[in-house]
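The values are calculated or read from the model by the stated rules, or taken from the named source; none is laboratory data. Keep in mind the model is a prediction, meaning the values are calculated, not measured. Methodologically, a virtual Cβ is constructed for each residue, glycine included, from the backbone with ideal geometry; neighbour enumeration extends over all protein chains shown. Calculation scope for accessible area: heavy atoms of the full protein, side chains included, ligands and nucleic acids excluded. Shrake-Rupley method; radii C 1.70, N 1.55, O 1.52, S 1.80 Å.
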Amino acid sequence: SAIKSAVLSQKIRYAIRAMQHLADRYGEGPVHLAEIAETQRIPANFLTVILSELSRLGLVASQRGRDGGYQLAIAPIDITYGDLVRLM
């Protein structure tokens, strides 16, 4: 509901949008940070912090290099919005 979503921090809202983007691209290989930032309208520097935190939590895997980027470390079906809210 609108009332409940209003109490979610901007960080959590960004994390949910980033994870949704990665879920939509699941199985397609790493997604560049710039693509997520631009598509989801998340400031790149803030997205870097969020994705590294999600990586430390084991939800996101990062890959360096030209073909690198971020992808879900576990299947989207195994991640809930509630998990994200609690972990963030």
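Between residue 87 and residue 57, the modelled label-to-label distance comes to 0.5 nm, taking each label 7 Å out from Cα in the direction of the beta carbon. Available extension along the chain between residue 24 and residue 80 is 18.7 nm, counting 0.36 nm per residue and deducting the alpha carbon span. Probing with 1.4 Å while keeping every protein chain in the model, the per residue accessible area of region 45-84 equals 61 Å².
Note on residue 44 and residue 64: with the Förster distance fixed at 22 Å, the Cβ-Cβ geometry gives a FRET efficiency of about 0.85.
Couplings 3J(HN,Hα) for region 14-21, derived from phi with the Karplus relation 6.51 cos²θ - 1.76 cosθ + 1.60 (θ = phi - 60°), are 5, 4, 5, 5, 5, 5, 5, 4 Hz, where x marks Gly and Pro.
Along the axis of the charge dipole computed for the chain (Cβ charges of +1 for Lys and Arg, -1 for Asp and Glu, origin at the Cα centre), the listed residues 73, 62, 49 are led at the positive end by 49.
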